[in-house]
Amino acid sequence: MTQTQQNHTVEKIGGTSMSRVNELRDTLLIGDREGAALYNRVFVVSAFGGITDLLLEHKKSGEPGVYASFAEQDSGHGWQDALTRAAEAMIAAHESVLDHPGDVEQATDFVRSRIDGARNCLIDLQRLCTYGHFRLAEHMLQVRELLSGIGEAHSAFTTMLMLRRAGVNARLVDLSGWRDEGDVTLDDRIRGAMSGIDPATEMPIVTGYAQCAEGLMREFDRGYSEVTFSKLAALTGAREAIIHKEFHLSSADPRLVGPEAVRKLGRTNYDVADQLSNMGMEAIHPKAAKTLRQAQVPLRVTNAFEPADPGTLIDDCPAETPAVEIVTGLDIIALEVFEQDMVGVKGYDAAILDALTRHDVRIVSKVSNANTITHYVDTSLKSLRRVEKDLAAIYPSAEIRHRTLSIASVIGRDLSGLAVLQTGLCAIADAGLEAIGATQGPRNVDVQFIVDRDKLKPIIKALHGAFVEQDREGLSRAA
């Protein structure tokens with residue numbers, strides 16, 4: 001398969017949707033397609049919902065899975081119990097989507113083979129690290145990647161079995177590097193796996209995790225599947241990259257403003273996708289978006305369970321007319337450093353940034369004046385207190401404090417001429433609410449309103465009403 005072929009799409013299915021892959025078989029994957037219409041589609045799959053949480057740790061609660069248990073108990077067996085629980089959940093996952101007993105048996109054998117292999121590997125590693133020359137901590141990244149790849153390989157294998165049973169010429173493309181020799185780059189891993197594949201006559205089912213020399217989890221941790229997806233689309237010259245979610249990309253969260261009030265986005269660009277990522281509402285990982293953007297591959301975001309709907313097209317094209325497209329929000333913490341001696345002195349900002357970087361604190365936005373620098377960050381209070389301790393040691397006379405707040409953001413490809421800052425503040429005031437601060441950059445793609453955390457939801461509703469619902473009413477009257 002070469003990059004000159006551009007008739008195919010590369011499509012990604014997330015973990016929650018994968019847990020209903022039997023439903024997707026009858027709509028998205030097959031539906032009413034026959035013959036050649038089934039092909040020229042490459043699917044990248046995540047692990048079934050909840051499996052990666054069991055193999056690593058729970059993404060939201062932090063409850064330890066196999067990886068976290070192994071890291072905490074380098075001489076115990078708690079991780080082995082966790083591995084058994086993960087295996088049982090994987091078997092239950094494929095039993096719920098596969099219809100044929102023979103397919104269930106093959107999938108169960110696959111799980112047991114991978115789980116037993118991982119168990120033996122970790123036991124051997126534990127034994128090796130009882131010798132003083134070897135440190136477990138030095139191998140934990142490889143352990144994390146090994147465990148994570150099991151989930152994706154399982155879901156891809158299960159999907160391949162299900163599709164073959166339905167008469168589709170599906171082909172497993174396992175990028176997880178299971179028992180492979182050598183350490184190859186991500187590009188070479190993908191090129192090697194896709195060589196000899198003809199998407200016009202086969203449907204490749206590709207693992208979202210790819211083992212490579214760069215170590216995807218080192219930089220992207222659990223965002224690796226979108227990186228694999230974007231690289232695959234770029235390297236194979238896909239006509240389009242498609243992410244199938246369980247919802248449409250809309251003008252706001254329908255739970256906040258009402259399902260009747262939201263407007264589905266038909267088209268936007270990568271600039272807006274980046275702003276959404278900054279607000280914790282990822283249409284796609286920003287590094288994955290960059291890969292697609294540079295390769296000039298457009299991205300489409302669709303609802304997996306409404307395959308007839310074209311979804312949202314994301315490309316590099318500017319808006320035809322200025323408009324607000326999305327109103328969203330994010331809980332943040334404001335870190336404020338006040339120092340009377342800061343006026344005219346360089347170095348304060350660099351020291352603060354160094355401390356934030358050292359403790360892996362994500363910066364959402366910042367403001368400063370003569371003697372105060374405030375960073376709005378997305379992190380835990382535990383991490384922030386470490387930053388404060390470091391800064392107090394560097395600047396003992398500074399006043400360092402934090403405050404839990406939120407940001408409401410109004411986003412669009414082109415906001416020029418819309419007076420978003422002024423109109424937004426008026427809409428907030430008309431709703432009987434107040435903004436603590438507001439910022440607008442010169443690129444006219446987003447305006448941020450800093451608000452009390454308990455006021456975020458009503459403020460999003462007020463802003464959406466002013467910029468999206470009112471605009472739609474005006475267009476309806478004009479028509």
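Among the conditions (1) on the phi > 0 side of the Ramachandran plot; (2) without any contact (Cβ under 8 Å) to a residue 12 or more places away in the chain, Val345 misses just one, which is (1).
Give the residue that is farthest from Glu434 (Cα to Cα), with candidates limited to residues of the range 369-411 that are of a type in the set (Gly, Ala, Ser) and in contact with a strand residue (DSSP E or B) (Cβ under 7 Å, 6 or more places away or on another chain).
So the residue we want is Ala392.
Residues in the range 293-315 that are closer than 28 Å to Asn22 by Cβ and not in a strand (DSSP E or B): Ala304, Phe305, Glu306, Pro307, Ala308, Asp309, Pro310, Gly311. Here Gly196, Gly177 are screened, and the one residue that is at pLDDT below 95, open to solvent by 60 Å² or more (accessible area, probe 1.4 Å) and within 26 Å of Ala234 (Cβ to Cβ) is Gly196. Contact map, the range 124-136: first residue touching a residue at least 24 places away in the same chain (Cβ under 8 Å), second residue assigned to a helix (DSSP H, G or I) and surrounded by 11 or more Cβ atoms within 10 Å (Cβ to Cβ), Cβ cut-off under 6 Å, separation 6 or more or different chains; pairs are Cys129/Leu136.
Being of a type outside the set (A, V, I, L, M, F, W, C) and either out of contact with any strand residue (DSSP E or B) (no Cβ under 9 Å at 6 or more places or on another chain) or within 26 Å of Gly50 (Cα to Cα) (or both) holds for only one residue in Glu152, Glu202, and it is Glu152.
Take the conditions (1) in a helix (DSSP H, G or I); (2) open to solvent by 70 Å² or more (accessible area, probe 1.4 Å); Leu122 misses just one of them, which is (2). Of the set (1) within 25 Å of Leu249 (Cα to Cα); (2) at pLDDT 95 or above, all apply to Gly441 but (2).
Pick from Phe43, Phe48: which is in contact (Cβ under 8 Å) with a residue 12 or more places away in the chain, part of a loop (DSSP other than H, G, I, E, B) and either surrounded by 22 or more Cβ atoms within 10 Å (Cβ to Cβ) or in contact with a Cys (Cβ under 6 Å, 6 or more places away or on another chain) (or both)?
Matching residue, one of Phe43, Phe48: Phe48.
Within the range 20-40, being under 20 Å from Glu152 (Cα atoms) and buried (at least 19 other Cβ atoms within 10 Å of the Cβ) holds for Val21, Leu24, Arg25, Leu28, Leu29.
Of the residues examined, Arg171 is not one that is in contact with a helix residue (DSSP H, G or I) (Cβ under 9 Å, 6 or more places away or on another chain), within 15 Å of Val97 (Cβ to Cβ) and either part of a loop (DSSP other than H, G, I, E, B) or without any contact (Cβ under 8 Å) to a residue 40 or more places away in the chain (or both).
Residue-wise test of (1) open to solvent by less than 10 Å² (accessible area, probe 1.4 Å); (2) free of Cβ contacts under 8 Å to residues at least 12 places away in the same chain; (3) farther than 22 Å from Arg300 by Cβ.
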site: Gly192; (1), (2), (3): no, yes, yes
site: Gly208; (1), (2), (3): yes, no, no
site: Arg218; (1), (2), (3): no, no, yes
site: Ala234; (1), (2), (3): no, no, no
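The condition of being open to solvent by less than 70 Å² (accessible area, probe 1.4 Å), of a type in the set (Asp, Glu) and in contact with a strand residue (DSSP E or B) (Cβ under 8 Å, 6 or more places away or on another chain) holds for only one of Glu72, Glu63, Glu57, that being Glu57.
Go through the range 220-241 residue by residue and tally those that are farther than 24 Å from Pro310 by Cα and of a type in the set (D, E, K, R). Counting residues in the range 220-241 that are farther than 24 Å from Pro310 by Cα and of a type in the set (D, E, K, R) gives 2. With respect to (1) surrounded by 16 or more Cβ atoms within 10 Å (Cβ to Cβ); (2) aliphatic (A, V, I, L, M); (3) under 24 Å from Asp174 (Cβ atoms), the lone exception for Ala92 is condition (1). The number of residues in the range 263-281 being within 23 Å of Ser17 (Cβ to Cβ), open to solvent by 10 Å² or more (accessible area, probe 1.4 Å) and either in a helix (DSSP H, G or I) or without any contact (Cβ under 8 Å) to a residue 40 or more places away in the chain (or both) comes to 1.
Answer yes or no as to whether Ser61 is modelled with pLDDT under 95 and touching a helix residue (DSSP H, G or I) at 6+ places or on another chain (Cβ under 6 Å). Here the answer is no, as Ser61 does not meet what is asked.
The values are calculated or read from the model by the stated rules, or taken from the named source; none is laboratory data. Not measured: the values here are computed from a predicted model. Neighbour counts run over all protein chains shown; Cβ positions are idealised from the backbone, glycine included. Keep in mind that these areas ignore ligands, DNA and RNA; they rest on the heavy atoms of the full protein, side chains included. Shrake-Rupley method; radii C 1.70, N 1.55, O 1.52, S 1.80 Å.
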